[in-house]
Every structure is written in structure tokens, then in C-alpha cells.
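Undergrad: Here it is, the structure, as C-alpha cells.
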Amino acid sequence: MGRGVAGHYARRLAVQLVAGGSGVKTVRVSYASARAPDDLDTRLLRAMITKGLIEPISSVFVNLVNADFTAKQRGLRITEERVILDGSLESPLEYIQVQIANVESRFASAISDSGEITVEGRVKDGIPHLTRVGGFEVDVSLEGSIILCRQVDQPGMIGKVGSILGEENVNVSFMSVGRIAPRKQAVMAIGVDDQPSRETLKKIGDIPAVEEFVFLKL
């Protein structure tokens, strides 16, 4: 169940990063596991992805039975890739990566080198974590909602953003920074318990070193 939850959150984050969800036509999902491909049933996760993409823009109710047919009807192509790892066969999945092609992103840094919106999730100690956004590795617990910021990597950034959220009584549950190299570009992923106000988000965006940001509600 935990791995399914990680896939659920990865899918929700990827979908919310799309600028104009109705334009999604191609999704690639990669499952990393030590199990053989024929010992890994991904129908439920595929149905969850279809549900998340189709239900917000239509009146169709998607379930495990009709998911594949509904995706085909709507011109949604979901391809699956299995990454075989060395490891314990007791663990169904090591990580799940969701990539959405040929769309614009609300957060440009979520676009990987291949030109797709890319997010990756895994379960740690029973809790789903976001572990990759585009080309940036992060590690943030998916319990609440997420603020993603891309900024120039420099001292004091965590403190500045944390202070703004604290002043507005927004509780930070988790924070992680992934960067290209010291003093270069970095992505900060911030888990929050509450939805910040527009004014609070504007204050974060007004920090000179912040180049883009997005709030994603889970």
C-alpha cells in the first residue's frame, strides 16, 4: 500500500505542475524494483494516474475496471517502464517516476533534460517522499502540501523563507534543498501544513534570489 501512496502523490504533483491539464496526452511511468516485470502488477497505479488526469476535466468516473479503456477513449497514452534493481524481493517498489511529455510547466525547473515534467517519489519508513523534481534531487516528506522554489544557491535562503512562513503562522513540516553545485542553481522543497496566503507566497517570490516558485496542494 505504501508504494501505491508514493505513486499517488507523484502523480498528483506531476499533474499540478502542468500548465493546462487538458493538454496531457503522453505519460511515462517508471517503476524501479528488484522483482521481475511479470511479478509486479501496476494496474492500480496506472488507474490512479488515469483518474488524476481525466476526472478533473470531465464527468467520467475512473476506476480499476474502466481506466485503460477510458484513457484510450480520451487519447491518453500511458507507457510503463520497469527498472530492474538488485535488492530485496520483499519490497515491491524502490521508487516511482512520472514523466509528462509535450506540455508546459507551471514550474520550469520540473522539466528534465529530456523535455518532460519529471517527478519521482519513494516510501521511507512508511511515509511517501518526493525525491526528484526535474533534474534536482530533493527529499521532502509528502504530508501536507509543497512549496517549490528555484533560487540562486546562497547562504540564508532557508532562514529567509522559513521566517516569512513563520510570520504568517504557516507551519513547516519538512524542508530539503537540491542544487546543481555550490553557489549555482538550487531547488528548495518545503512541506507545509497549511495553505499560505497569496500575500505570503508573494513575499517569497519577492526575495531577490528566488527565480520561480509554485505551491502544490496535496
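Undergrad: Which number in (1) assigned to a helix (DSSP H, G or I); (2) of a type in the set (A, V, I, L, M); (3) modelled with pLDDT of 90 or more; (4) open to solvent by 50 Å² or more (accessible area, probe 1.4 Å) marks the one condition that Ala71 misses?
TA: Just one mismatch for Ala71, condition (4).
Undergrad: Among the residues of the range 179-213, write down those that are in contact with a Ser or Thr (Cβ under 9 Å, 6 or more places away or on another chain) and part of a strand (DSSP E or B).
TA: Within the range 179-213, Gln185, Val187, Met188, Ala189, Ile190, Gly191, Val192, Glu211, Glu212 qualify.
Undergrad: Determine which member of the set Val62, Val103 is touching a Lys or Arg at 6+ places or on another chain (Cβ under 7 Å) and either more than 23 Å from Gly126 (Cβ to Cβ) or assigned to a loop (DSSP other than H, G, I, E, B) (or both).
TA: Details: Val103 fails: touching a Lys or Arg at 6+ places or on another chain (Cβ under 7 Å).
Answer to the check: Val62.
Undergrad: Which condition number in (1) within 21 Å of the chain's Cα centre (by Cα); (2) surrounded by 14 or more Cβ atoms within 10 Å (Cβ to Cβ) is the one that Thr79 fails?
TA: Failed condition: (2).
Undergrad: Cβ-Cβ below 9 Å, separation at least six or inter-chain, first residue in the range 158-184 and free of Cβ contacts under 8 Å to residues at least 60 places away in the same chain, second among the polar types (S, T, N, Q) and part of a helix (DSSP H, G or I): which pairs?
TA: As it stands, the answer is Ile164/Thr200; Leu165/Thr200; Glu167/Thr200; Glu168/Thr200; Val170/Thr200, since those pairs meet every condition given.
Undergrad: Would you be able to tell me the number of residues in the range 137-175 that are open to solvent by 20 Å² or more (accessible area, probe 1.4 Å) and either assigned to a strand (DSSP E or B) or among the acidic types (Asp, Glu) (or both)? Talk me through it step by step, then tell me what you get.
TA: Step one: filter the range 137-175 for residues open to solvent by 20 Å² or more (accessible area, probe 1.4 Å), giving 137, 139, 143-144, 150, 152-156, 158-160, 162-164, 166-169, 171-175.
Retained after the next criterion (residues that are either assigned to a strand (DSSP E or B) or among the acidic types (Asp, Glu) (or both)): 137, 139, 143, 150, 152-153, 167-168, 172-175.
Going through the range 137-175 one residue at a time, the tally reaches 12.
Undergrad: Can you tell which of Val98, Val27, Val62 is under 21 Å from Asp139 (Cβ atoms), open to solvent by less than 10 Å² (accessible area, probe 1.4 Å) and modelled with pLDDT of 85 or more?
TA: Exactly one residue qualifies, and that residue is Val98.
Undergrad: Here's something else I'd like to know. Give the residue, chosen from Arg46, Arg28, Arg74, that is charged (D, E, K, R), touching a helix residue (DSSP H, G or I) at 6+ places or on another chain (Cβ under 7 Å) and closer than 23 Å to Leu216 by Cα.
TA: Details: Arg28 fails: touching a helix residue (DSSP H, G or I) at 6+ places or on another chain (Cβ under 7 Å); Arg74 fails: closer than 23 Å to Leu216 by Cα.
Answer to the check: Arg46.
The values are calculated or read from the model by the stated rules, or taken from the named source; none is laboratory data. None of these values were measured; they are calculated from a predicted model. Neighbour counts are summed over all protein chains in view; Cβ atoms, including those assigned to glycine, are modelled from backbone coordinates with ideal geometry. Ligands, DNA and RNA are stripped out before the accessible areas are found, and what is left, the full protein with its side chains, is counted by its heavy atoms. Shrake-Rupley method; radii C 1.70, N 1.55, O 1.52, S 1.80 Å.
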